[in-house]
Amino acid sequence: MLFQCAIAALITTMTACSAIAKSPNVVIVISDDQGYGDLGCTGNPIIKTPNIDELASESSGLSDYHVAPTCSPTRCSFLTGHWTNRTGVWHTIMGRSMLRENEVTVGQMFSDAGYQTGMFGKWHLGDNYPYRPEDRGFTEVYRHGGGGIGQTPDVWDNAYFNGSYFHNGEIIPAKGFCTDVFFQKANDFITKCAKEDQPFLAYISTNAPHKPLHCPPDYMKMYEGQSDNIAAFYGMITNIDDNVGKTRELIDELGIANDTIFIFTTDNGTASGAKVYNAGMRAGKGSPYEGGHRVPFFVHWPAGGLTQQHDVNELTHAVDIVPTLLEMTGVPKPEGVKFDGVSIADLLDPNKDVEWPKRFVISDSQRVRDPIKWRGSSVMTGKYRLVNRKELYDISTDPGQKNNIAEEHPEIVSEMRDFYDQWWAELEPTFAQTTEIYLGHSDHPVVNLTAHDWIQKVYPPWHQGSIREASRNQVDDEKLKHVGYWAVKALTAGKYQISLRRWPTESGVAINSALPAGDDVPGVTAAFRTVKGNAIGANHAVLRIDDQDLDRKPVGGDAEAVDFVTQLNAGSHRLAPFFEIPEGELGAYYVVVTHLE
């Protein structure tokens with residue numbers, strides 16, 4: 001009897017230890033272009049977000065949490081713990097949205113620790129090796145291309161309904177509204193991991209409510225009486241809210257809620273809702289003022305004691321999230337990685353009284369080919385905000401940032417400028433490290449390049465409406481000149497086939513064919529595919545590499561592509577092939593590069 005009691009006690013102890021040692025799951029939901037004020041729980045009197053409101057009431061929340069003012073820059077910091085500009089991502093296009101290959105993502109960290117890692121929806125940190133999510137530690141990937149559905153790297157003619165998506169690299173058609181599809185695929189992943197008793201990280205990143213404003217009609221009807229734009233924008237957010245509720249319900253049904261860290265946040269300030277409600281903040285998406293980069297953040301974790309509404313009013317930033325998740329889960333920090341952020345796990349704990357030290361953080365919006373010092377910048381410390389180097393605001397008394405007090409506090413301005421100067425001096429040497437698309441890698445022998453990633457001073461055709469339009473604007477009657485290029489890196493010397501296309505491979509359309517306008521979808525702005533596809537009248541294709549025109553071939557009447565075979569030396573190249581058209585040079589919007597040796 002004594003022996004049986006001892007065994008029972010041992011089993012009880014082992015079970016308790018096992019429960020303590022159990023790796024918590026992580027679910028992250030991050031929406032696109034939804035601001036701090038676009039939630040009921042933050043005071044919006046119109047929007048319907050009951051599920052996120054309930055989550056907030058059961059979570060630790062950050063009320064002074066900051067990101068970048070646009071999407072790719074926020075995502076790189078959020079996934080790496082590094083300042084945006086350090087990672088090579090300071091824009092959303094022009095090759096400046098690709099996360100440098102030396103960066104280690106949270107997906108890689110968790111995968112290395114034995115987690116199943118899933119990424120669903122919007123990636124926007126690169127569409128070719130080595131920048132894709134499947135190259136950065138995510139074992140299950142279901143996403144659209146580029147920064148949004150219908151952008152240039154996305155599957156041709158995609159819109160928010162009944163689209164096709166990249167599932168672990170393969171194009172797979174789907175039925176339904178995009179947000180519903182992404183959540184469903186994430187829920188399938190969560191279910192599979194739970195049933196196999198495997199810890200998981202699920203990163204659910206919606207492209208909604210980013211424009212174009214496409215929305216299921218039933219959700220728009222919920223906002224009758226509002227403007228059409230607000231009805232669609234808020235409708236997309238309510239659809240996200242419904243999906244958050246369904247995923248939380250699933251987690252509960254699977255019996256894993258206690259051991260699951262659930263996070264909801266957004267990637268920048270509101271794109272459409274500021275005129276209705278903006279929580280008293282100035283401006284919105286893209287702005288260095290508070291409304292551009294202060295966003296909601298809620299985290300719920302029963303096993304960790306995060307089950308009650310607990311407001312954290314200390315200054316925090318997206319760079320803090322990775323170190324915080326590592327501390328909360330016990331996942332080790334990779335050797336050699338130094339975070340720009342700090343763990344805020346103690347701040348999130350409602351039972352801890354934390355004395356938080358003075359700190360400085362920075363949010364900036366470059367949106368140019370090469371970073372410019374002080375451009376679109378906000379240096380933050382405590383209650384102060386130094387905007388664009390010369391405007392100082394005390395948001396404790398002036399949350400709308402209307403009263404510039406820089407002249408009254410020169411010592412504070414000087415201190416904040418000094419921090420920025422040191423920050424810039426540290427990061428500036430890295431700006432020249434161009435993110436190059438790899439050619440000739442064994443895991444990615446066929447590379448699909450799109451005009452979205454042309455490096456040039458002016459905006460390239462980043463969405464499919466621009467591709468269809470094929471703008472041929474000229475300056476002072478000069479011949480049109482192709483000025484953009486792809487920064488590529490041949491990993492091995494050898495022969496490469498370079499195929500120039502006006503339309504993407506999956507379209508099956510000839511170079512000189514026009515296209516009719518495509519069908520629209522529910523919502524208030526037109527789908528990119530509704531633009532008529534103009535013919536370009538190409539007569540020759542030219543292979544330009546490293547500013548040299550190496551070869552020239554005629555464009556056949558029914559040709560979908562013009563193929564060149566060339567020898568590339570190992571190393572960096574500027575790839576800029578184009579079509580000769582009556583107006584001059586028009587860059588090949590789509591190029592497929594195949595390593596032949």
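The values are calculated or read from the model by the stated rules, or taken from the named source; none is laboratory data. Everything numeric here is computed off the predicted structure, so don't read it as measured data. As a convention, Cβ positions derive from the backbone with ideal geometry for all residues, glycine included, and neighbour counts pool all protein chains shown.
Quick one: in the range 139-170, of everything that is in contact with an Asp or Glu (Cβ under 7 Å, 6 or more places away or on another chain) and surrounded by fewer than 18 Cβ atoms within 10 Å (Cβ to Cβ), which residue is modelled with the lowest pLDDT? Before the answer, list the steps.
Taking the range 139-170 as the starting set, the residues that turn out to be in contact with an Asp or Glu (Cβ under 7 Å, 6 or more places away or on another chain) are 141, 144-146, 153, 155-156, 168-169.
Within this subset, residues satisfying the condition of being surrounded by fewer than 18 Cβ atoms within 10 Å (Cβ to Cβ) are 168-169.
Working: N168: 97, G169: 94.
If we take residues in the range 139-170 being in contact with an Asp or Glu (Cβ under 7 Å, 6 or more places away or on another chain) and surrounded by fewer than 18 Cβ atoms within 10 Å (Cβ to Cβ), then G169 is modelled with the lowest pLDDT.
Identify the single condition in (1) closer than 29 Å to T105 by Cα; (2) assigned by TED's automatic domain parsing to the domain that holds V104 that N351 does not satisfy, given that it satisfies every other one.
Result: N351 fails condition (1) only.
Each row is one residue, and each column tells you yes or no for (1) surrounded by 21 or more Cβ atoms within 10 Å (Cβ to Cβ); (2) outside the structural domain of P216 (by TED's automatic domain parsing); (3) farther than 26 Å from P216 by Cα.
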site: N229; (1), (2), (3): no, no, no
site: F233; (1), (2), (3): yes, no, no
site: N258; (1), (2), (3): no, no, yes
site: G269; (1), (2), (3): yes, no, no
site: G273; (1), (2), (3): yes, no, no
site: N278; (1), (2), (3): yes, no, no
site: K285; (1), (2), (3): yes, no, no
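Quick one: which residue in F233, F264 is outside any helix (DSSP H, G or I), closer than 23 Å to I28 by Cα, at pLDDT 95 or above and under 24 Å from the mean Cα position of the chain (by Cα)? Give the derivation first.
Values: F233 fails: outside any helix (DSSP H, G or I).
That would be F264, the only listed residue that is outside any helix (DSSP H, G or I), closer than 23 Å to I28 by Cα, at pLDDT 95 or above and under 24 Å from the mean Cα position of the chain (by Cα).
Show me the helices (runs of 4 or more DSSP H) found entirely inside the range 1-120 where at least 3 residues are under 19 Å from K338 (Cα atoms), modelled with pLDDT of 95 or more and assigned by TED's automatic domain parsing to the domain that holds A318. Write out each step before concluding.
Values: elements: 2-21, 50-57, 71-80, 106-112.
Where helices (runs of 4 or more DSSP H) fall fully within the range 1-120 and carry at least 3 residues being under 19 Å from K338 (Cα atoms), modelled with pLDDT of 95 or more and assigned by TED's automatic domain parsing to the domain that holds A318, they are 71-80, 106-112.
With the requirement that a residue be closer than 18 Å to M380 by Cβ and of a type outside the set (D, E, K, R), what does the range 298-316 give you?
V312, N313, L315, T316 - these are the residues of the range 298-316 that are closer than 18 Å to M380 by Cβ and of a type outside the set (D, E, K, R).
Is there a residue being surrounded by fewer than 18 Cβ atoms within 10 Å (Cβ to Cβ), on the phi < 0 side of the Ramachandran plot and either of a type in the set (F, W, Y) or in a strand (DSSP E or B) (or both) anywhere in the range 352-370?
Yes, the conditions are met somewhere in the range 352-370.
Spot the failing condition for R502; the list is (1) over 30 Å from E597 (Cα atoms); (2) of a type in the set (D, E, K, R); (3) assigned by TED's automatic domain parsing to the domain that holds D563; (4) in contact with a strand residue (DSSP E or B) (Cβ under 9 Å, 6 or more places away or on another chain), and only one is missed.
(1)
Kindly provide the set of residues from the range 322-342 that are within 22 Å of the chain's Cα centre (by Cα) and either within 19 Å of G304 (Cβ to Cβ) or buried (at least 20 other Cβ atoms within 10 Å of the Cβ) (or both), ordered by number.
If the condition is that a residue be within 22 Å of the chain's Cα centre (by Cα) and either within 19 Å of G304 (Cβ to Cβ) or buried (at least 20 other Cβ atoms within 10 Å of the Cβ) (or both), then V322, P323, T324, L325, L326, D340, G341, V342 are the ones that fit.
Among the residues that make up the range 546-553, is at least one of them buried (at least 18 other Cβ atoms within 10 Å of the Cβ), modelled with pLDDT of 95 or more and in contact with a strand residue (DSSP E or B) (Cβ under 9 Å, 6 or more places away or on another chain)? Steps first, answer last, please.
Going residue by residue through the range 546-553, those that are buried (at least 18 other Cβ atoms within 10 Å of the Cβ) are none.
No, the conditions are met nowhere in the range 546-553.
Is it true that some residue in the range 132-145 is of a type in the set (G, A, S) and not in a loop (DSSP other than H, G, I, E, B)? Write out each step before concluding.
If we filter the range 132-145 for residues that are of a type in the set (G, A, S), which is where we start, we get 137, 145.
Subsequent filtering for residues that are not in a loop (DSSP other than H, G, I, E, B) retains none.
For the range 132-145, residues of a type in the set (G, A, S) and not in a loop (DSSP other than H, G, I, E, B): absent.
Looking only at the range 563-574, decide whether some residue is closer than 28 Å to G465 by Cβ, touching an Asp or Glu at 6+ places or on another chain (Cβ under 9 Å) and hydrophobic (A, V, I, L, M, F, W, C).
Checking the range 563-574: not a single residue is closer than 28 Å to G465 by Cβ, touching an Asp or Glu at 6+ places or on another chain (Cβ under 9 Å) and hydrophobic (A, V, I, L, M, F, W, C).
Assuming F110 fulfils every condition listed in (1) crowded, with 23+ Cβ neighbours inside 10 Å; (2) in contact with a Leu (Cβ under 9 Å, 6 or more places away or on another chain); (3) under 26 Å from G376 (Cβ atoms) apart from one, which condition is it?
Of the numbered conditions (1) crowded, with 23+ Cβ neighbours inside 10 Å; (2) in contact with a Leu (Cβ under 9 Å, 6 or more places away or on another chain); (3) under 26 Å from G376 (Cβ atoms), the odd one out for F110 is (3).
How many residues are touching a residue at least 24 places away in the same chain (Cβ under 8 Å) and closer than 26 Å to A257 by Cα when one looks only at the range 320-350? Show your work before the answer.
So in the range 320-350, the residues touching a residue at least 24 places away in the same chain (Cβ under 8 Å) come out as 320-326, 328-334, 337, 339-341, 344, 347-350.
Those left that are additionally closer than 26 Å to A257 by Cα: 320-326, 328-333, 344, 347-350.
Of the residues in that region, 18 qualify.
What single numbered condition from (1) in contact (Cβ under 8 Å) with a residue 12 or more places away in the chain; (2) assigned to a strand (DSSP E or B); (3) of a type outside the set (F, W, Y) fails to hold for A510?
In the conditions (1) in contact (Cβ under 8 Å) with a residue 12 or more places away in the chain; (2) assigned to a strand (DSSP E or B); (3) of a type outside the set (F, W, Y), A510 misses (2) alone.
Within the range 172-217, work out how many residues are assigned to a loop (DSSP other than H, G, I, E, B), closer than 27 Å to G330 by Cα and in contact (Cβ under 8 Å) with a residue 60 or more places away in the chain. Break it down into steps so the answer makes sense when it comes.
Filtering the range 172-217 for residues assigned to a loop (DSSP other than H, G, I, E, B) gives 174-176, 196-199, 206-213, 215-216.
Right, trim to closer than 27 Å to G330 by Cα and you get 196-199.
Retained after the next criterion (residues that are in contact (Cβ under 8 Å) with a residue 60 or more places away in the chain): 198-199.
Within the range 172-217, residues that are assigned to a loop (DSSP other than H, G, I, E, B), closer than 27 Å to G330 by Cα and in contact (Cβ under 8 Å) with a residue 60 or more places away in the chain number 2.
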